[in-house]
Amino acid sequence: MARAEFEEIVEDFEFLEDWEDRYRYVIERGKTMEPLDPALQVPATRVHGCASQVWLHPTIEDGVFRFDGESDAMIVRGLIAVLRSLYNGLPVSEVPGVDARAQLARLGLNDHLSAQRSNGLRAMIERIRTVAGEHA
């Protein structure tokens, strides 16, 4: 079950006709995200497999999964924001069960990201699933 915030993104995407507008929308989502504290941008939080630099900092409090992230690429920062709408606030036990690929396919992102960006997105999802799986 996708979360309400993600459903809002899906609905917004339906109104945006072309991919330029959709890219701008994703970038804007990233711009509204709080920056990740530079002290958390360390090798332990770095996600490898991305063309750009990416850091994800997950936290689990009272069994609830959340993560913050940062990237030096605007589109990737936006993708982090989209992933946050999918995962943040879920019980940690539910995180591994989210089919992020299927949910993101609803946005058509798979068809419009470069191979490097797609690999990076997979690497971010894998990191989220691994961290949550270790704590579930």
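Values quoted throughout were computed directly from the atomic coordinates according to the rules given, and no laboratory measurement underlies them. Since this is a predicted model, take the numbers as computed values, not measurements. Backbone-built Cβ (ideal geometry, glycine too); neighbour counts: all protein chains shown.
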What's the percent breakdown of Cα-Cα distances in the range 37-136 across 5 Å bins, shortest bin first?
2, 14, 25, 26, 20, 9, 3, 0
Please check: in the Gaussian network model of the chain (C-alpha springs, under 10 Å), which one of R46, R117, R101 has the largest mean-square fluctuation.
R101
For peptides 28-39, 51-62, sequence by mean Cβ density within 10 Å, most packed first:
51-62, 28-39
How far is it, in nm, from the label point at A115 to the one at E28 when both lie 7 Å from their Cα along the line to the Cβ?
3.3 nm
Looking at the square roots a ≥ b ≥ c of the eigenvalues of the Cα gyration tensor of the range 44-100, which shape do they give, rounded for a/c under 1.5, prolate if a/b is larger than b/c, or oblate?
prolate
